[in-house]
Amino acid sequence: MAGPVSVAAEYLAGSRARAARTVLGQVVLPGEELLLPEQEDAEGPGGAGERPLSLNAGARSRVRVVCGPGLRRCGDRLLVTKCGRLRHKEPGSGSGGGVYWVDSQQKRYVPVKGDHVIGIVTAKSGDIFKVDVGGSEPASLSYLSFEGATKRNRPNVQVGDLIYGQFVVANKDMEPEMVCIDSCGRANGMGVIGQDGLLFKVTLGLIRKLLAPDCEIIQEVGKLYPLEIVFGMNGRIWVKAKTIQQTLILANILEACEHMTSDQRKQIFSRLAES
Amino acid sequence: MKETPLSNCERRFLLRAIEEKKRLDGRQTYDYRNIRISFGTDYGCCMVELGKTRVLGQVSCELVSPKLNRATEGILFFNLELSQMAAPAFEPGRQSDLLVKLNRLLERCLRNSKCIDTESLCVVAGEKVWQIRVDLHLLNHDGNIIDAASIAAIVALCHFRRPDVSVQGDEITLYTPEERDPVPLSIHHMPICVSFAFFQQGTYLLVDPNEREERVMDGLLVIAMNKHREICTIQSSGGIMLLKDQVLRCSKITGVKVAEITELILKALENDQKVRKEGGKFGFAESIANQRITAFKMEKAPIDTSDVEEKAEEIIAEAEPPSEVVSTPVLWTPGTAQIGEGVENSWGDLEDSEKEDDEGGGDEAIILDSIKMDTGVEVSDIGSQEMVFHHVGQAGLELLTSDAPIILSDSEEEEMIILEPDKNPKKIRTQTTSAKQEKAPSKKPVKRRKKKRAAN
């Protein structure tokens, strides 16, 4: 861990932009500038003075690169705004340069459009519900944004209920708005989360790890007991199992998974599976 | 920010769990969370962690003129602050009720109980006395602030050393710490607060409630006691009706808890004293473990799975017997078959031992290599998909599993062996059925593996 950080410190002293490709998987600090692959050739040793003159100067292929969380476009380069490890994903099909993002860890959630979150209804006022999602402002949820809801047929939502929905509006200038239907008008798992069960909060990084496509933790947990889990990208997890004891065990395991190596985790699961 | 509202679901769950005598972190009804006391480099600076609740205490002193009606006594000043980092709900103007309540309780506990001898703080009667100031900061709120604060206050006071003063006639000499060793305060006894949370109108009680339990409790009873079983202060809030024997029972429990906590405090003070005397390193920097990124550690919670056993037995008793497992033999070549899986290969240590468990290095490589030899197909270890958001808690142990591309030749004469990269590599042995021939794997794989390592 000392390696990448000391390199980063050296870099900051030298203040020369690094190529994003060479920094993949290493720790980057806010304020660093990264060069995209297409610019590396132009910025090689020798710099502007020795750039070969080409007849069709504008024919350089422009690759569309997506800037993910923690990165910002700054002129031609990427500017790092969060500290964490730099990641890259190759584009699935043909065009585009893929996605770059910074994997960082935090507990405080900032609403992002399209995220599925668990919210707690705090107030009912007229046609909208105010839902607390852990951000700086409560999100608004219209009563018509449920599947099969009409003006006559209102959904049965009380203050204090848990809602699983997604954001349709989430930026820094307006209050976030969420809905419980997808673009086709179907609920698709969203809506009011049933009674019972336990809601607890974890870090955002753990949620992303658990929601990764082939997460072992979830598979192993699923083999232990029958259970229902809902993950909200705002760090909230709702668990329900047959008995209170099982629910508590699950909640403790998921919270502890963040700081355990896979060996320790397997040990714990095997011990639980035996008893 | 407003406080996160408590959902109906959580409230219901917590109350049901308490009725079944279960707490969120697996403690028993009368159990305290782990208390950890660490000292800073200065005398009088300490940090107390009660589970995740953290309080920082700092004692300082100053020479001032005494109060007019108490000319021979020193002055004590207590202040508890709820820092904004403790909880999102704590804002500069918003926590007044809770703050006032905690401060009042702390003052009653420490000042009215006369735990510190104020007469000994007098330097010149009527002119100069010591003013001792105790500042407590709440750094993280996870329930039961008052207990942690009272422990921090008394520990800081016991740890503190004031400068030595000598009076000769009219001359007062204040010695610096270099000239004369600073002097500890004179403390008669150590009052410690113990909190009890009541639920369902006094039917259930819990000692040391954490933040979730505090949200759903009906009332709170705080008893401050010292190890001589003298009650320094009692406060009941929340408006619940308590019976006499409930209060007596609580005071008995308090006696036991205070004895344990006092012992812990004395041991911590002694340890710190020893380290300072021997010239070892002390201070907050030493109390944080090295090589650990995370600040919070999950303590091992003993999970009581006893009734899970009963339930599991019931289910097993009622379930049908499992179907018989018949292992199907795999025919590699005429005359060579394989039933089941072999023993773990000891050559596996040669490959990177840091790879994850589900990527067992050795075995598949041998079988695959020997199968692929004639068909001229390059195969590398089929690792698991790269974990996109993979956080590992240790420093620097990030694993990037490299997937070299699988090159399949186009020739139609050879058998096409299709490997599915997303399945567990250990199953590959049974999947690759149509191999042409397999030579004895003993010699060749050694060569192959060395080649592979060079290529890697």
**Asked** If you take the beta carbon distance between B:T29 and B:M241 as r and set R0 to 22 Å, what does 1/(1 + (r/R0)^6) give as a FRET efficiency, to the nearest 0.05?
**Response** 0.60
**Asked** With every protein chain present, what is the per residue accessible area of the range A:115-192 (1.4 Å probe, Å²)?
**Response** 50 Å²
**Message:** Give me the dipole magnitude in Debye, nearest 20, for the range A:198-274 about the Cα centre, with unit charges on the beta carbon: positive for Lys and Arg, negative for Asp and Glu.
**Reply:** 200 debye
**Request:** Classify the range A:198-274 as rounded, prolate or oblate from the Cα gyration tensor: take a ≥ b ≥ c as the square roots of its eigenvalues, call it rounded if a/c is under 1.5, otherwise prolate when a/b beats b/c and oblate if not.
**Result:** oblate
**Asked** If the chain between B:I234 and B:Q338 were fully stretched, how many nm would it gain, using 0.36 nm times the residue separation less the Cα-Cα distance?
**Response** 29.8 nm
**Request:** Take the solvent-accessible surface of the protein heavy atoms, probe 1.4 Å, and return the percent of it on the range A:198-274 that carbon and sulfur atoms account for.
**Result:** 54 percent
**Request:** Mind ranking B:40-51, A:221-232 by how tightly packed they are, going by the mean number of other C-beta atoms within 10 angstrom, highest first?
**Result:** B:40-51, A:221-232
**Request:** Just add up the charged neighbours of A:F129: K/R +1, D/E -1, any other residue whose Cβ is under 15 Å from the Cβ of A:F129.
**Result:** -3
**Asked** Of B:K52/B:K311; A:K124/A:K201; A:K242/B:K22, which sit over 22 Å apart, Cα to Cα?
**Response** B:K52/B:K311; A:K124/A:K201
**Message:** Give the separation of the Cα centroids, the range B:165-213 to the range A:260-275, in Å.
**Reply:** 43 Å
**Net charge, B:L174 excluded, C-beta distance under 13 Å - Lys, Arg +1, Asp, Glu -1** = -2
**Complete:** For peptide A:111-119, the mean count of other chain Cβ atoms within 10 Å per residue Cβ is 0
**Complete:** Accessible-area loss of at least 30 Å² in the complex relative to the chain alone (1.4 Å probe) applies, within the range B:1-36, to B:M1, B:T4, B:P5, B:S7, B:N8, B:C9, B:E10, B:R12, B:F13, B:R16, B:K22, B:L24
**Message:** Probe of 1.4 angstrom, ligands and nucleic acids ignored: what's the accessible area per residue over the range A:198-274, in square angstrom?
**Reply:** 39 Å²
**Complete:** With x for Gly and Pro, the residue-by-residue ³J(HN,Hα) of the range B:116-126, computed from phi through the Karplus equation 6.51 cos²θ - 1.76 cosθ + 1.60 at θ = phi - 60° and given in whole Hz, is 10, 7, 6, 5, 6, 8, 7, 9, 10, 4, x
**Message:** Give the A-B buried accessible area in Å², both sides summed, 1.4 Å probe, nearest 100.
**Reply:** 4000 Å²
**Prompt:** Among rounded, prolate and oblate, which fits the range A:119-267 when a ≥ b ≥ c are the square roots of the eigenvalues of its C-alpha gyration tensor, a/c under 1.5 means rounded, and a/b larger than b/c means prolate?
**Reply:** prolate
**Request:** Pop a pseudo-label 7 angstrom from the Cα along the beta-carbon direction at both B:Y204 and A:K201 and give the gap in nm to one decimal.
**Result:** 2.3 nm
**Asked** Using 0.36 nm per residue, how much length does the chain from B:S83 to B:K277 gain when fully extended, once their Cα-Cα distance is taken away?
**Response** 66.5 nm
**Asked** What GluC sites (Glu not before Pro) does the range B:83-176 have in DSSP loop regions with at most 13 other beta carbons within 10 Å?
**Response** B:E127
**Message:** Residue by residue through A:249-259, how many Cβ atoms from other chains fall within 10 Å of the Cβ on average?
**Reply:** 4
**Asked** Taking the alpha-carbon centroid of each part, what is the distance from the range A:111-178 to the range A:62-95 in angstrom?
**Response** 31 Å
**Prompt:** In a shell of Cβ-Cβ distance under 13 Å around A:G70, excluding A:G70 itself, what net charge do Lys and Arg (+1) and Asp and Glu (-1) give?
**Reply:** +4
**Charge dipole magnitude, Cβ of K and R +1, D and E -1 - the range A:115-192, Cα centre, debye nearest 20** = 360 debye
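The values are calculated or read from the model by the stated rules, or taken from the named source; none is laboratory data. Bear in mind that the values here come from a model prediction, so they are computed numbers and not experimental data. Positions of Cβ are generated from backbone atoms using ideal geometry, with glycine treated the same way; all protein chains shown enter the neighbour counts. These area figures cover heavy atoms from the full protein model, side chains too; ligands, DNA and RNA do not enter into them. Shrake-Rupley method; radii C 1.70, N 1.55, O 1.52, S 1.80 Å.
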